[in-house]
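These notes concern the structure reproduced below.
The values are calculated or read from the model by the stated rules, or taken from the named source; none is laboratory data. These numbers were taken from a predicted model, which means no experiment stands behind them. A quick note on method: Cβ atoms are made from the backbone with ideal geometry, for glycine too, and the neighbour counts reach across all protein chains shown.
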Amino acid sequence: MDIQLSDAEKLYVIHGAQQGIRSDGRGTFDYQPIIVETGVLPTANGSARVRLGSTDLLIGIKADLVVVDDMSSYSNRLNFSIDCSANATPKFAGMRYLNAECLGRGGDEFGVELASALNAAYDNPFVLPDLAKLIVSPMHAWKIYVDIVILQFGGNVLDTASIGVKAALSDTEICEVLVRPGDAGKKVVDILDENKVWKLDTSRQALVFIRILIYCNLIS
């Protein structure tokens, strides 16, 4: 179900955009306050909490050392999952668009769409140049899981998620490992002292900031 606006409401939005003002007093390019905290989940490899306006996201990073049968077909990319908490908003009875109202199936469709957008943004070796370091032997690799929980929904979720993922990855620590020969030509991986860790290079990560065009007027 779409949100229906009266003609007067439409004119109010258009005239406000043309004059560079909004109902909350912000200008067209004024962003809502952004609050970022890192290290909020002590059991995760990295974590962050981000608040943008009334949107509140919790991001946790988990690194698992996995055995890979065929490294030639292995994709050393991030794995995103989104939890759209029913407590975040009654609108998570469903979904329509990333920056519009959510409508249908408890936010599941919204979560899939958001995860797909983030997977596409990170599906290249340029954004995280250290991805090659995740492969530690011909049959072992670190698999990175990025779990995002939407604690409160107030719009700009993709923007907030991109900020949170960058902050959480910057906070992520991955253990150093020692690779040694095993039986039958296989490799054995030992995790070294927990104090010996390395961090991902996140300097190339891009942030997402969505703009809306209303009668030739851009709104942040």
For the range 146-171, give me the residue count where each residue is acidic (Asp, Glu) and part of a loop (DSSP other than H, G, I, E, B).
0
I'm trying to understand the selection: among the residues of the range 135-156, which are within 19 Å of SER47 (Cβ to Cβ), of a type outside the set (Ser, Thr, Tyr) and surrounded by fewer than 24 Cβ atoms within 10 Å (Cβ to Cβ)?
TRP142, LYS143, ASP147, VAL149, LEU151, GLN152
Which residue is nearest to ILE59 (Cα to Cα), if the candidates are limited to the range 185-209 and must be outside any loop (DSSP other than H, G, I, E, B) and in contact (Cβ under 8 Å) with a residue 60 or more places away in the chain?
TRP198
From the option list SER116, SER162, single residue qualifying as surrounded by fewer than 18 Cβ atoms within 10 Å (Cβ to Cβ), within 18 Å of the chain's Cα centre (by Cα), modelled with pLDDT of 90 or more and not hydrophobic (A, V, I, L, M, F, W, C) is SER116
Any residue in the range 172-184 that is assigned to a helix (DSSP H, G or I), among the hydroxyl-bearing types (Ser, Thr, Tyr) and touching a strand residue (DSSP E or B) at 6+ places or on another chain (Cβ under 7 Å)?
no
Matching residues, the range 35-52, being surrounded by fewer than 19 Cβ atoms within 10 Å (Cβ to Cβ) and either on the phi > 0 side of the Ramachandran plot or under 15 Å from the mean Cα position of the chain (by Cα) (or both)
VAL36, GLU37, THR38, GLY39
Checking VAL149 against (1) under 14 Å from the mean Cα position of the chain (by Cα); (2) hydrophobic (A, V, I, L, M, F, W, C); (3) closer than 24 Å to MET71 by Cα, which single condition isn't satisfied?
(3)
